[in-house]
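Report on one structure; see the data block that follows.
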Amino acid sequence: MPENQQEAPHLPVLLDETISLLGTIGEGWVVDATVGFGGHSEGVLETFPNAKVIGLDQDISALKLAKERLKRFGGRVELVHSSFSEIKGVIAERSISDVRAVIADLGVSSMQIDSETRGFSFRFDAPLDMRMDENSRSETAAEVLANRTEAEIADIIYLYGEERFSRRIARRIVNEREAGRPIERTRQLAELVASCVPRSKKETIHPATRTFQALRIEVNGELEILDGFLKESVEVLTTEGVLAVIAFHSLEDRIVKNTFQKLGGKCTCPPKIPKCVCGAVKSAEILTKRPITSGESEMRMNPRSRSAKLRAVRKI
């Protein structure tokens, strides 16, 4: 593998584009709601020498890596073990009133995908866990497959994975557990899905990719909490503060787009209604009419960036 591809997991996606959207931070705070390896936070701290950063992440392993990467900035950075859904509480606990920007990279970190023990990838035979926060008491992916009905499993795989063969996969999963062979490991699930999904010669991804993605989203409630996070992020911003979000999944990007439109005052009433009754109020200005995507050079350096879409709003 080329050296630049080995380094790619450590490269923050759309960093320059994100920084350029933030405007002037001054001595204010920036919340990196998904600090991960700390790449975006590092860029903020280097670009704005008087700014301070609060970095949130529910993955303790990621926080340890970010701490090492950002230690040279001393007291200008604070790392917090927390989901981005808790952003409002984190800011309130610290009585911070000068949040100039909130940034979020919604992608799963390469460290999680490449872990041989956490069950995010079918490249390794591991327990089907998939929890971002290993200390969480939430269901693992194996428990979801053991406890949900066939219809519920099919819905999860179809809605979050956009998998056409979701019903066939769900039926096989339930048949296996009823036969005393519950699906508890990554290789079990990958082989089961592969046997259910016809694979064309043009297909470039493993047939289990969409199912694994769907279970990860379900286990971590990724889409359920996104809309609330976006609205609370705008609430904690000062006037003229910027919220910048990078999404990698079409469903995530759709939520970001629609929520930003609502924050921008777009009326959601049916077209035939003569008067607006949805109560649309403009609280933010959309800065990206279309999502910003990576250029060819970044995609060569960092293949992960190919599906990234950056959108931003400014609080008014």
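What follows is calculated from the coordinates using simple rules that are stated; it is not laboratory data. The structure displayed is predicted, hence computed values, not measured ones. Note: ideal-geometry Cβ built from the backbone for every residue, glycine included; neighbour counts use all protein chains shown.
Could you run the Karplus curve 6.51 cos²θ - 1.76 cosθ + 1.60 with θ = phi - 60° over the range 51-57 and give me ³J(HN,Hα) per residue in whole Hz, x for Gly and Pro?
Once rounded to whole Hz, the list reads 7, 10, 10, 10, x, 10, 6.
Name the most mobile residue of Val197, Val242, Val31, meaning the one with the largest mean-square fluctuation, in a Gaussian network model of the chain with Cα contacts below 10 Å.
Largest GNM mean-square fluctuation: Val197.
Give me the log10 of I(q) over I(0) for the range 112-220 at q = 0.15, 0.16, 0.21 Å⁻¹, as the Debye formula computes it from C-alpha points; what are the numbers?
-0.56, -0.64, -1.13
Charges at C-beta only: +1 for Lys and Arg, -1 for Asp and Glu. How large is the resulting dipole of the range 112-220 about its Cα centre, in Debye rounded to 20?
520 debye
What number, rounded to the nearest 500 deg cm²/dmol, is the helix-based mean residue ellipticity at 222 nm of the chain, given -39500 (n - 2.57) per DSSP H run of at least four residues and division by all its residues?
The helix contribution divided over the chain gives -12000 deg cm²/dmol.
Could you work out the Kirkwood radius for the range 11-127, taking every pair of different alpha carbons, averaging 1/r and inverting it, reported in Å?
Radius from the Kirkwood sum: 14.7 Å.
What percent of all Cα-Cα pairs in the chain falls in each 10 Å bin, counting up from 0?
Answer for the chain: a P(r) of 6, 25, 32, 23, 12, 2, 0 percent.
In the chain, what percentage of the DSSP-assigned beta bridges are antiparallel, given to the nearest 5?
35 percent
Jot down the per residue volume, in cubic angstrom and as a whole number, of the convex hull over the alpha-carbon atoms of the range 153-305.
Here the figure is 193 Å³ per residue.
If you plug each phi of the range 66-73 into the Karplus form 6.51 cos²θ - 1.76 cosθ + 1.60 with θ = phi - 60°, what whole-Hz ³J(HN,Hα) values come out, in order, with x for Gly and Pro?
Result, rounded to whole Hz: 5, 4, 5, 5, 9, 4, 5, 8.
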